[in-house]
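Below: the structure, in structure tokens.
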């Protein structure tokens, strides 16, 4: 599965979350670090859903840049 991930700059680090997986989030000192952490968080989150017998939501979010 391929999930959209939102990465935001915080004061001293970066945070990331997955709109299609509520509660799935990660932080890191750099963009590369938070990307690595969110990949691990997604895997862990999906494993937890499956272990609890909860269906994994299908990815439906779309990320796009728009000129303004």
* **Filter result for residue 61 (more than 9 Å from the chain's Cα centre (by Cα) and in contact (Cβ under 8 Å) with a residue 40 or more places away in the chain)** => yes
* Has segment 49-65 got any residue that is surrounded by 13 or more Cβ atoms within 10 Å (Cβ to Cβ) and in a helix (DSSP H, G or I)? -> yes
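Any chance segment 20-29 includes a residue that's assigned to a loop (DSSP other than H, G, I, E, B) and touching a strand residue (DSSP E or B) at 6+ places or on another chain (Cβ under 7 Å)? I'd like the intermediate steps shown before the answer.
Step one: list which residues in segment 20-29 are assigned to a loop (DSSP other than H, G, I, E, B), which gives 20-24, 29.
Still in the list and also touching a strand residue (DSSP E or B) at 6+ places or on another chain (Cβ under 7 Å): 24.
For segment 20-29, residues assigned to a loop (DSSP other than H, G, I, E, B) and touching a strand residue (DSSP E or B) at 6+ places or on another chain (Cβ under 7 Å): present.
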* Of (1) surrounded by 12 or more Cβ atoms within 10 Å (Cβ to Cβ); (2) touching a residue at least 12 places away in the same chain (Cβ under 8 Å); (3) within 20 Å of residue 61 (Cα to Cα), residue 13 satisfies all except one. Which? -> (3)
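Every read-out reported here was derived from the displayed coordinates using simple, explicitly stated rules and does not represent laboratory data. Remember, predicted model here, so these are calculated numbers, not experimental data. Cβ atoms come from the backbone with ideal geometry, glycine included; neighbour counts cover every protein chain shown.
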